[in-house]
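Take a look at the structure set out below.
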Amino acid sequence: MRTSRRVVLALLAVLLLVGAAVAVVRFEAVDRIRERVAPEPSPGCIADDPTSSGCVTPATLAAYEAVTARFAGGLVESTCWSEHAWNPSSDHPEGRACDFFPTRYGTFATGDDLTEGWAIAQYLRDEAAELDVRYVIWQGRIWYRGAFFADADGGWGRPYDGGGVYDAEDATGGHYDHVHVSIRR
Ligand SMILES: [Zn+2]
């Protein structure tokens, strides 16, 4: 009698532990999916863009400030808001994107500039959760945060084809002169 009671109690304890573990994993997964599918809504393009007369979202401003503070010495130019009239799907007119130029506009980054560009791209990738990064484009590759194949094929995103808007062979179109970052909100 005593032994069978002990067995029942042990079984109950195991069930409780398994149930708790399942709950933790499930809720964490649900949170992650929710965050990925429907992040906190954007408060909109309400902050002054330090690089233009336009606006940026608060999260974009924070990312801009983080990158420029860290890579100040190696950046030739940075631009966030722009009208981007030729590309209606761009995040720039929404104030949710910035371009960081480690080299002169229209030139292919080489040497130290190329190294600097990779450092910026890698920083945005490493800090993607913190900075609310949606994707990064650099050196003809696009890295999507959370994408299933984000790190496949050479370890840095997927080849970037210009999305039908840019000439991916071009220094600017293929993002060989600047690191583009899109922010989620
Ligand atoms: Zn851009």
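Derivation of every value follows stated rules applied to the coordinates shown; laboratory data play no part. Computed from a predicted structure; not experimentally measured. Please note: Cβ atoms are built from the backbone with ideal geometry, for glycine as well, and neighbour counts cover all protein chains shown.
Some points to look at:
Yes/no per residue for (1) outside any helix (DSSP H, G or I); (2) within 16 Å of the ligand (Cβ to nearest atom):
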residue	(1), (2)
60	no, yes
65	no, no
72	no, no
89	yes, yes
114	no, no
135	yes, yes
146	yes, no
151	yes, no
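- Among the criteria (1) within 12 Å of the ligand (Cβ to nearest atom); (2) surrounded by 14 or more Cβ atoms within 10 Å (Cβ to Cβ), the one residue 163 does not fulfil is (2).
- If the condition is being buried (at least 21 other Cβ atoms within 10 Å of the Cβ) and assigned to a loop (DSSP other than H, G, I, E, B), then the stretch 95-112 contributes 95, 96, 102, 103, 109.
- When 103, 110 are checked against the criterion of being more than 20 Å from the chain's Cα centre (by Cα) and under 18 Å from residue 51 (Cα atoms), a single residue qualifies: 103.
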